[in-house]
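Chemist: Questions regarding the structure given below will be posed in turn.
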Amino acid sequence: MKHLSRTALSSFALILILSVLFPLQSCSGGYAAFSDTRFDYFDTVCTLTAYAPSRSVFESAAEDLFAAMEEYDRLFDIYNAYDGLNNLKTVNDRAGEPVEVSDGIIELLAFSLEMYGETGGALNVMIGALSALWHRCREEGVGLPTAEELCEASLHVSPDSLIIDQESRTVQITDPDASVDVGALAKGWVARKLLELLPESGLYSAIIDLGGNVATYGAKPDGSSWRVAIDTESGDYLKVVEVSGLSVVTSGDYQRFYVVDGVKYHHIIDPETRRPAEKNKQVSVICSDPALGDALSTALFILDSASGSALVQKYGVYALGIDADGNVFEYGEYPENAENGETSPEN
Ligand code: AMP
Ligand code: MG
């Protein structure tokens, strides 16, 4: 399937990869379940499902959460400019000069640089020059970047060219041919920020699904966990996980791709080969922080099993995936669900 940028259609593959198994009508302990889906943010389908004491509480919380999503969507957009806003497109367009930005951009980029070090360079948000080449071909649905183009682009992916000045609240890309691409971790980072809003929202518990990036807040009012299905390319479930207070984030080679001469070229680039990573077909990470889960799932998708399992051990998360030969693998211990009430408001 060709990736169509910024259309709801492009998200259909994404939504397949994780599905929230949820009864439509349910009521428990004075709380009812509600759901709202929007197609406007992060080039994907975003759904909030929650237990709330009333419809009006849910609707008010949903408005706040979707407003936050809209704000971050604009801030982290590398394709569109918005009046009066310095977003990541501004930072890329003005490579060479410092750009004053809001805290969200500073925090996200600082986290990104930290994850570069932690993943041995597998996750590199300064990969923009390379990923843009592949993105252009994918958008057109034909052709491949030439070896010369890839070689030239790879000269402009150094994380050292991203300067974050915490005092002056500016970021600067010092290499005019380099650019940031935060696609690997922005949704998870936004999910982390949305989780921070939930204790004040009036919701009892919630599950936020940002196109394959699922974060949960508390458990259902009856104490049971949320059920999230990890799908495979064939549509079968790899596993149905029961989570409360945990996030489930998946990276896969069938989320965004195009086909040339029968070969699939997907969207996750191995910085070492400069080409779509070939070691795995999909990787899901389960942990409490969706930002970490997003960063790690992309990195694990790129890394080999030795480096991947070492990273999982270091962070104490759990990963489940399918390698390029079709073998299912698991790293780490399945994390304990947070106790209900630990992340939910008092009854
Ligand atoms: P995800 O779906 O979270 O695994 O992220 C995939 C997205 O991350 C791609 O669409 C690119 O925008 C970006 N990306 C691809 N390769 C890399 C990489 N090696 N490091 C950082 N970002 C990447
Ligand atoms: Mg990711």
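The values are calculated or read from the model by the stated rules, or taken from the named source; none is laboratory data. Bear in mind that the values here come from a model prediction, so they are computed numbers and not experimental data. Counting neighbours? That spans all protein chains shown, and the Cβs are built from the backbone with ideal geometry, glycine included. All accessible areas refer to the heavy atoms of the entire protein, side chains included, with ligands and DNA or RNA removed. Shrake-Rupley method; radii C 1.70, N 1.55, O 1.52, S 1.80 Å.
Chemist: On a 0 to 90° scale, report how tilted helix 305-315 is relative to the longest principal axis of the chain, with both axes built from alpha carbons and the result rounded to the nearest 10.
Modeler: The two axes meet at around 50 degrees.
Chemist: Roughly what angle does helix 186-197 make with the longest principal axis of the chain, taking Cα atoms, 0 to 90 degrees, to the nearest 10?
Modeler: It works out to around 30 degrees.
Chemist: Using a 1.4 Å probe on the protein chains only, how many percent of the accessible area of the chain belongs to carbon and sulfur? Don't skip to the answer; put the middle values down first.
Modeler: Values: 7160 of 14640 Å².
Result for the chain: 49 percent of the exposed heavy-atom area is carbon or sulfur.
Chemist: Can you check what the net charge comes to around Gln282, using other residues whose Cβ is under 15 Å from the Cβ of Gln282 (Lys, Arg +1; Asp, Glu -1)? If you can, show how the numbers build up before the last one.
Modeler: Details: positive: Lys239, Arg256, Lys264, Lys279, Lys281; negative: Asp231, Glu233, Asp236, Asp253, Glu278, Asp294, Asp323, Asp325, Glu330.
Residues close to Gln282 contribute a combined charge of -4.
Chemist: Set the Förster radius R0 to 41 Å, insert the Cβ-Cβ distance between Glu70 and Asp325 as r into 1/(1 + (r/R0)^6), and round the FRET efficiency to 0.05.
Modeler: Details: r = 42 Å, r/R0 = 1.02.
That gives a FRET efficiency of 0.45.
Chemist: Would you compute, from DSSP H runs of 4+ residues alone, the mean residue ellipticity of the chain at 222 nm, taking -39500 (n - 2.57) per run and dividing by the full residue count, rounded to the nearest 500? Please list the in-between numbers first.
Modeler: Working: 9 runs with 107 residues, N = 347.
-9500 deg cm²/dmol, from helical runs alone.
Chemist: A further question on this structure: To the nearest 20 Debye, how big is the dipole of the chain about its Cα centre, given +1 on the beta carbon of each Lys and Arg and -1 on that of each Asp and Glu? Walk me through the numbers before you get to the answer.
Modeler: Numbers: 23 positive and 53 negative charges, 161 e Å.
Rounded to the nearest 20 debye, it is 780 debye.
Chemist: Find the accessible area per residue for the chain; the probe is 1.4 Å, ligands and nucleic acids are left out, and the unit is Å².
Modeler: On the way: 14640 Å² over 347 residues.
With the other protein chains kept in place, the chain gives 42 Å² per residue.
Chemist: Please give the contour-minus-distance gain from Ser35 to Arg227: 0.36 nm per residue of separation, less the Cα-Cα distance, rounded to one decimal in nm. Before the final figure, lay out each step's value.
Modeler: Details: separation 192, 0.36 × 192 = 69.12 nm, distance 1.52 nm.
Extending this stretch completely gives an extra 67.6 nm.
Chemist: Still on this structure, please answer the following. Using a 1.4 angstrom probe on the protein heavy atoms only, could you order Arg256, Arg136 from most to least accessible area?
Modeler: Values: Arg256 35, Arg136 105 Å².
Order by accessible area, largest first: Arg136, Arg256.
Chemist: Moving on to the next point. With every protein chain present, what accessible area does Cys287 have (1.4 Å probe, heavy atoms only), rounded to the nearest 10 Å²?
Modeler: 10
Chemist: Say the cut-off is 32 Å between C-alpha atoms; which of Lys239/Lys264; Lys89/Lys239; Lys193/Lys239 go over it?
Modeler: Values: Lys239/Lys264 25 Å; Lys89/Lys239 38 Å; Lys193/Lys239 27 Å.
Table pairs above 32 Å Cα-Cα are Lys89/Lys239.
Chemist: DSSP loop (so not H, G, I, E, B), at most 16 other Cβ within 10 Å: list which trypsin sites (Lys or Arg not before Pro) in region 152-235 pass both filters. Can you show the working numbers first?
Modeler: Numbers: sites: Arg169, Lys187, Arg192, Lys193, Arg227; in loops: Arg169.
For trypsin sites (Lys or Arg not before Pro) across region 152-235 that sit outside H, G, I, E and B with at most 16 neighbouring Cβ atoms in 10 Å, the list reads Arg169.
Chemist: Now a separate question. How big is the gap, in Å, between the Cα center of region 102-180 and the Cα center of region 212-234?
Modeler: With region 102-180 and region 212-234 each reduced to a Cα centre, they are spaced 32 Å.
Chemist: Would you mind computing, in nm to one decimal, how far apart the modelled labels at Thr174 and Asp236 are, each placed 7 Å from Cα along Cα→Cβ?
Modeler: 5.1
Chemist: Going by average Cβ neighbours within 10 Å, how do the peptides 238-244, 127-133, 179-185 rank, with the highest at the top? Provide the component values of the computation, followed by the final result.
Modeler: Working: 238-244: 17.7, 127-133: 22.3, 179-185: 24.4.
Put in order of decreasing packing, that is 179-185, 127-133, 238-244.
Chemist: Using unit Cβ charges (K, R positive; D, E negative) and no other charged atoms, how large, in debye to the nearest 20, is the dipole of region 202-347 about its Cα centre? It would help to have the intermediate numbers written out before the result.
Modeler: Values: 10 positive and 22 negative charges, 70 e Å.
Approximately 340 debye in magnitude.
Chemist: Could I ask something else about it? By how many degrees, between 0 and 90 and to the nearest 10, does the Cα long axis of helix 103-118 differ from the longest principal axis of the chain?
Modeler: 70
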